[in-house]
C-alpha cells in the first residue's frame, strides 16, 4: 500500500470549507486537479470523477462515497477495473483549529497489484497540493475571517 498525504491551513470555518469542497458544480471554476465531479454527497452514492494531474494523464473513474460527515470528512473508494488491481481510498478530513480556521488533511491510500506500475506519487502529490491551494484561495476569498481579523473598514466612509 502507498499513501499520499498533504495538508493546508485555511482561514475559514470547517463549514465554509465543506460548502466549497462539496459544491461539485463549481469545481471547473477553481479546481486544477479534480476538474469535474457529478453525484450526490451521501454515503453509498456513486460519483463520476475526472482528475487531471499537473504533469500526468487525466482519467475518469466512478468511486463510491464511504463517508460524508458535513464539516468533518468526505471519503470515497474507487478502483481501476476489478477490485484488487488498483484501488484508491480518497479522504478529505477537516480539522477545526483554535483560531477558528481549518486544517485540511487530503490523502489517498492506494492498494492493489498494479500500484507499483501505475502510481506516480509525484504527480498525485502535485495535484493534491494544487487543489489544496486553489481550495484555500476560493474559500478565503468568499468567507469572512473566522478570527474576526478581516478588514473592518467601512467602504462607504473611506
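Filter the range 1-35 for residues that are loosely packed, with under 13 Cβ neighbours inside 10 Å, in contact with a strand residue (DSSP E or B) (Cβ under 9 Å, 6 or more places away or on another chain) and more than 30 Å from residue 113 (Cα to Cα) and give the result.
Selection gives 25, 28.
Would you say residue 81 is over 20 Å from residue 130 (Cα atoms), over 13 Å from the mean Cα position of the chain (by Cα) and in a loop (DSSP other than H, G, I, E, B)?
Against the criterion (over 20 Å from residue 130 (Cα atoms), over 13 Å from the mean Cα position of the chain (by Cα) and in a loop (DSSP other than H, G, I, E, B)), residue 81 qualifies.
State all residues of the range 36-72 that are in a strand (DSSP E or B), surrounded by fewer than 15 Cβ atoms within 10 Å (Cβ to Cβ) and either modelled with pLDDT under 95 or at positive phi (or both); if no residue qualifies, say none.
59, 60
Mind listing just one residue for me: the one in the range 122-146 that is in contact with a helix residue (DSSP H, G or I) (Cβ under 9 Å, 6 or more places away or on another chain) and at pLDDT below 95 and, of those, nearest to residue 55 (Cα to Cα)?
The selected residue is 142.
Test residue 117 against the stated conditions and say whether it is over 18 Å from the mean Cα position of the chain (by Cα), modelled with pLDDT under 95 and either under 27 Å from residue 12 (Cβ atoms) or not in a loop (DSSP other than H, G, I, E, B) (or both).
So residue 117 fits the description; yes.
Look at residue 25 and say whether it is out of contact with any helix residue (DSSP H, G or I) (no Cβ under 6 Å at 6 or more places or on another chain), farther than 22 Å from residue 110 by Cα and in contact (Cβ under 8 Å) with a residue 60 or more places away in the chain.
No: the conditions fail for residue 25.
Can you tell me which residue is surrounded by the most Cβ atoms within 10 Å (Cβ to Cβ) among those in the range 107-136 that are in contact (Cβ under 8 Å) with a residue 24 or more places away in the chain, out of contact with any strand residue (DSSP E or B) (no Cβ under 7 Å at 6 or more places or on another chain) and over 23 Å from residue 31 (Cβ atoms)?
114
Looking at the range 73-93, which of the residues that are touching a strand residue (DSSP E or B) at 6+ places or on another chain (Cβ under 9 Å) and modelled with pLDDT under 95 is farthest from residue 52 (Cα to Cα)?
The qualifying residue farthest from residue 52 (Cα to Cα) is 84.
Surrounded by 13 or more Cβ atoms within 10 Å (Cβ to Cβ), over 14 Å from residue 6 (Cα atoms), at pLDDT 90 or above and in contact with a helix residue (DSSP H, G or I) (Cβ under 6 Å, 6 or more places away or on another chain): does that describe residue 96?
Considered against the rule, which asks whether it is surrounded by 13 or more Cβ atoms within 10 Å (Cβ to Cβ), over 14 Å from residue 6 (Cα atoms), at pLDDT 90 or above and in contact with a helix residue (DSSP H, G or I) (Cβ under 6 Å, 6 or more places away or on another chain), residue 96 comes out as yes.
The values are calculated or read from the model by the stated rules, or taken from the named source; none is laboratory data. The structure presented is a predicted model; accordingly, all values stated were derived computationally and were not measured. Positions of Cβ are backbone-derived with ideal geometry, glycine not excepted, and every protein chain shown enters the neighbour counts.
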